[in-house]
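S.K.: Sharing a structure, written as structure tokens. Questions coming.
The values are calculated or read from the model by the stated rules, or taken from the named source; none is laboratory data. All values reported here derive from a predicted model rather than from experimental measurement. Virtual Cβ from ideal backbone geometry, glycine too; neighbours counted across all protein chains shown. Note: accessible area is taken over every heavy atom of the protein model, side chains too, but ligands, DNA and RNA are not part of it. Shrake-Rupley method; radii C 1.70, N 1.55, O 1.52, S 1.80 Å.
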Amino acid sequence: MKSSLLLLLTALFIVSCKQNTNRDHGITETTPEKENTANFDWLTGKWKRSNEKAGKETFENWNKISPTEYSGIGFTLQKGDTISKENMKLVNTSGQWSLLVKTPKEKQFIKFKVTELKNNEFVCVNDSLDFPKRIQYSSEGKKLKAMISNEKMKIPFEFEKAE
């Protein structure tokens, strides 16, 4: 009887610690039903960066592949040549959304876990990287904003619909 009570108390303690950990890190928890029905359609389309340095043009193009996958490509042109490129995917696996990013230098996609999900906005995190640790996207009408950051630096991206 004592061992059963001890086991029950230990289980309750572990569950309560896990819930507090999520709150302490500012994670907005959503139920699996909400995660499965998340809609990133506001991200789709062709976008041109409006706050790019002179002499460069940056674009992002996003497409909906299925209700659980979106595909994106980002690239920067300078004098007509592609100077940077990245492939991106937003995927839902087992009820959890992730942003996957891959540049030509990487052999595999780098995974960022979506930790906050609201209407027309999401935040994803990968604390194992130096930069960026955090990627945030939001939209307002025909404008798309992205921010990549870590504790010391933030780089804002502002886009307008290119269609």
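S.K.: Lys79 - would you say it is open to solvent by 50 Å² or more (accessible area, probe 1.4 Å), modelled with pLDDT of 50 or more and within 19 Å of the chain's Cα centre (by Cα)? Step through it out loud before you land on a result.
M.R.: On the way: open to solvent by 50 Å² or more (accessible area, probe 1.4 Å): yes; modelled with pLDDT of 50 or more: yes; within 19 Å of the chain's Cα centre (by Cα): no.
Criteria not met by Lys79.
S.K.: I'm trying to understand the selection: among the residues of the stretch 96-141, which are in a strand (DSSP E or B), open to solvent by 70 Å² or more (accessible area, probe 1.4 Å) and under 17 Å from Glu60 (Cα atoms)?
M.R.: Within the stretch 96-141, the subset in a strand (DSSP E or B) is 96-102, 110-118, 121-125, 134-140.
Retained after the next criterion (residues that are open to solvent by 70 Å² or more (accessible area, probe 1.4 Å)): 111, 113, 118, 134, 140.
Hit for the stretch 96-141 is Glu140, nothing else.
S.K.: Separate question: Within the stretch 134-153, does at least one residue satisfy the condition of being modelled with pLDDT of 95 or more, more than 21 Å from Arg49 (Cβ to Cβ) and under 11 Å from the mean Cα position of the chain (by Cα)? Before the answer, list the steps.
M.R.: Looking only at the stretch 134-153, we keep the residues that are modelled with pLDDT of 95 or more, and these are 134-139, 143-153.
Now restrict to residues that are more than 21 Å from Arg49 (Cβ to Cβ): 151-152.
Subsequent filtering for residues that are under 11 Å from the mean Cα position of the chain (by Cα) retains none.
No, every residue in the stretch 134-153 fails to be modelled with pLDDT of 95 or more, more than 21 Å from Arg49 (Cβ to Cβ) and under 11 Å from the mean Cα position of the chain (by Cα).
S.K.: While we're here: From (1) touching a strand residue (DSSP E or B) at 6+ places or on another chain (Cβ under 9 Å); (2) surrounded by fewer than 11 Cβ atoms within 10 Å (Cβ to Cβ); (3) free of Cβ contacts under 8 Å to residues at least 12 places away in the same chain, pick out the condition that doesn't hold for Lys154.
M.R.: Here Lys154 meets the rest and fails (2).
S.K.: I would also like to ask the following. For a quick check of your reading of the model, give me the residue pairs whose first member lies in the stretch 94-110 and is at negative phi, whose second is part of a loop (DSSP other than H, G, I, E, B) and of a type in the set (Phe, Trp, Tyr), with beta-carbon atoms closer than 9 Å and at least 6 apart or on different chains.
M.R.: Filtered contacts from the stretch 94-110: Trp97/Phe40; Leu100/Phe109; Val101/Phe109; Lys102/Phe109.
S.K.: Another question, then. Could you list, in sequence order, the residues of the stretch 78-93 that are under 17 Å from Cys124 (Cα atoms) and of a type in the set (Ser, Thr, Tyr)?
M.R.: Thr93
S.K.: Same structure, new question: Quick one: which residue in Asn87, Asn92 is polar (S, T, N, Q), part of a strand (DSSP E or B), modelled with pLDDT of 95 or more and open to solvent by less than 50 Å² (accessible area, probe 1.4 Å)? Don't jump to the end; show me each part of the working.
M.R.: Numbers: Asn87 fails: open to solvent by less than 50 Å² (accessible area, probe 1.4 Å).
Going through Asn87, Asn92 in turn, the sole match is Asn92.
S.K.: Would you mind telling me which numbered condition in (1) within 25 Å of Lys133 (Cα to Cα); (2) modelled with pLDDT of 80 or more; (3) open to solvent by 90 Å² or more (accessible area, probe 1.4 Å); (4) not aromatic (Phe, Trp, Tyr) Ala54 fails?
M.R.: Answer for Ala54: the failing condition is (1).
S.K.: Checking the conditions here, which among Ser94, Ser98 is in contact with a strand residue (DSSP E or B) (Cβ under 6 Å, 6 or more places away or on another chain) and over 24 Å from Ser50 (Cα atoms)? First the steps, then the outcome.
M.R.: Values: Ser94 fails: in contact with a strand residue (DSSP E or B) (Cβ under 6 Å, 6 or more places away or on another chain).
The unique qualifying residue is Ser98.
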